[in-house]
Amino acid sequence: MTPKTRMHLVAYMKTGPSASYPGGWRHPTATLHDIFEPSRWEHIARVLEAGVFDACFFADGLGLPDNYKNSFADYAGRGGQTSMLDPMILLPLMARVTTHLGLGATLSTTFNNPYQIARALGSLDLISRGRAAWNVVTTAREFEAQNCGPESLPPKDLRYDRADEIMEACDALWEGWEADALVMDKASGVFADAEKIRYANYTGRHVSTRGPLSIPRSPQTRPVILQAGSSERGRAFAARWAEMIFCSPATKKDAAAYRADIHRRMDLLGRPREACAVLPTLSLVIGETESIAREKAALFESLADPELVLAAASWAVAADLSLLETPEAIEAQGGNQGVQGHRDRMMQVAAARGISFAQAVRTPRELIAGTPAMIADIMEDWFRSGACDGFILPPTTFPTTFEEFSTSVVPELQRRGLFRTAYAGATLRENLHNP
């Protein structure tokens, strides 16, 4: 198969002080005064669209992590990846000031019902004129389950079985309106052609929905599906449904192996490989010279509070890393909890650096520091070697990382013919298919 010639770029967002790099909010260029201001989110949407990003999406959670030392004190008190606003409130603001940027929300299939999901995302896709994306999560932590009612998190396989049914049910709801069902003819008095609206009548083992959805068919019908399957069951789900996959391999070799496995699974399902973009994360520090970039990275590393690093790692693996130091112990304590991708990454980091797992979980995410050309070299190498279809970029600091990347690295990628210079389509899915 001929490899893609242009990569995809998606921005990873959080509605709190920091994203994936602990302590980034402490950097002098990080803005804090505007966290609750619409202008903050409108500004970054404009920045990303000027950088011709495919999309941004908000990672989200349903509470404050408290599995480190049985307390949320370190995670919340030291500025971890908290969700301080509901992204579904912010995305319409961002839609209003952009015309092409894809806009993604994270919604749990374990703690939401299909009608609620289909209604919310159908609305977002309508008002954005076809730019909605859904980061599908099954939720993997007990504290989130306890915030939503159940005494305990359901088993992983059951969560994914329910997720499959949620997807099927949402499709039935989204497809319930024909594209031309909405007439709005004042002269005839026909607002909608009721014969072109139908019930969903979906019944599964775990969920059911009658419909019809009250939201008319949106430009994409279904929002673009983003997913981060890493476990055996998660990868099977991703191979079936995902159009973008969010993954966090530690090395290019690990990224290539993951992408090859997803392609193998898609082949077995009869899905074309180009139907899904596999996007590893890269955490970047950009400098005018290599030495400046390294100095900037050293400053970031000095701001990474060791307690927050460990609290964040505890959230990732869903185990108290103040007490546990081996993957086996974490697995035993975690039970149904935890995201396999986080555990895999930590083991990959340990193997790549020749350190113990205990040392790896105490190490902040590696920062790739360099000039725009150096960073483009790395991205080009991963992309052309088949390790990925593009990248998901979290902000090392907000909003500076995205501002610097859009004005310095993007032009370098464009000069090399690796990245679009303009949007090709009106909807997010059209731009994914034609980057």
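Bear in mind that the values in this text are calculations on the coordinates, not laboratory data. Since we're looking at a predicted model, the values are computed, not measured. Note that each Cβ is placed from the backbone with ideal geometry, even for glycine, and that neighbours are counted across all protein chains shown.
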Checklist line | Unit charges at the beta carbon, dipole of the chain: most positive-side option, MET167, ALA424, LEU9 | finding: ALA424
Note to self: Going by Cα centres, segment 382-412 and segment 158-186 are how many Å apart?
What the structure shows: 34 Å
Next item on the list: Would you mind working out the magnitude of the charge dipole of the chain relative to its Cα centre, with +1 at each Lys and Arg C-beta and -1 at each Asp and Glu C-beta, to the nearest 20 Debye?
Entry: 640 debye
Check: Please state the relative contact order of segment 120-162 as a whole percent: Cα pairs under 8 Å, 6+ residues apart?
Finding: 24 percent
Next item on the list: Could you list the chymotrypsin sites (Phe, Trp or Tyr not before Pro) in segment 197-266 that lie in coil according to DSSP, counting only those with at most 13 other Cβ atoms within 10 Å of their Cβ?
Entry: TYR199
Notebook entry, point to check: Could you give the angle, 0 to 90 degrees to the nearest 10, between helix 114-127's Cα long axis and the longest principal axis of the Cα atoms of the chain?
Noted result: 90 degrees
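What's the extension gain from ASP261 to SER123 if we count 0.36 nm per residue and subtract their Cα-Cα distance? Before the final figure, lay out each step's value.
Values: separation 138, 0.36 × 138 = 49.68 nm, distance 3.44 nm.
Length gained, ASP261 through SER123: 46.2 nm.
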Margin query: For PHE391, what residues show an amide H to amide H distance below 5 Å, using hydrogens built from the backbone and excluding near sequence neighbours?
Written below: HIS8, LEU9, VAL10
Next item on the list: Determine which residues of segment 212-240 fall in the zone a paramagnetic label at LEU158 would reach in this model, i.e. backbone nitrogen under 11 Å from the point 7 Å along Cα→Cβ.
Entry: none
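Could you give the size of the charge dipole of segment 123-229 about its Cα centre, using +1 on the Cβ of each K and R and -1 on the Cβ of each D and E, expressed in debye and rounded to the nearest 20? Mind dumping the intermediate values first?
Working: 13 positive and 16 negative charges, 44 e Å.
With Lys and Arg at +1 and Asp and Glu at -1, about 200 debye.
Looking at the chain, what % of its DSSP beta bridges pair antiparallel, to the nearest 5?
The antiparallel fraction comes to roughly 15 percent.
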Checklist line | Förster radius 30 Å - calculated FRET efficiency between THR99 and LEU299, Cβ distance, rounded to 0.05 | finding: 0.25
Note to self: At a 10 angstrom cut-off on C-beta neighbours, averaged per residue, how do the peptides 191-197, 6-12, 348-354 rank from highest to lowest?
What the structure shows: 6-12, 348-354, 191-197
Next item on the list: Report the calculated FRET efficiency for GLU232 and ALA179 (r = Cβ-Cβ distance, R0 = 56 Å), to the nearest 0.05.
Entry: 0.90
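Multiply the residue separation of GLU288 and THR221 by 0.36 nm, subtract the distance between their alpha-carbon atoms, and state the gained length in nm to one decimal. Write down the numbers at each step before the final one.
Numbers: separation 67, 0.36 × 67 = 24.12 nm, distance 4.40 nm.
That works out to 19.7 nm of additional length.
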Checklist line | Those residues of segment 172-202 whose amide nitrogen sits under 16 Å from the label point placed on ALA426, 7 Å along Cα→Cβ | finding: 179-182
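For a protection proxy built on the mean count of beta-carbon atoms within 10 angstrom, sort 409-415, 301-307 highest first, please. Mind showing how you got there, number by number?
Working: 409-415: 18.9, 301-307: 15.4.
Going by the mean number of other Cβ atoms within 10 Å, highest first, we get 409-415, 301-307.
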Next item on the list: Treat each spin label as a single point 7 Å out from the Cα along the C-beta direction, and report the ASP34 to GLN414 distance in nm.
Entry: 2.2 nm
Notebook entry, point to check: Tell me, what is the FRET efficiency for ALA358 and LYS253 to the nearest 0.05, using R0 = 22 angstrom and their Cβ-Cβ distance as r?
Noted result: 0.45
Notebook entry, point to check: Per the helix-only calculation at 222 nm, which mean residue ellipticity applies to the chain, given -39500 (n - 2.57) for every DSSP H run of n ≥ 4 and division by its residues, nearest 500 deg cm²/dmol?
Noted result: -12000 deg cm²/dmol
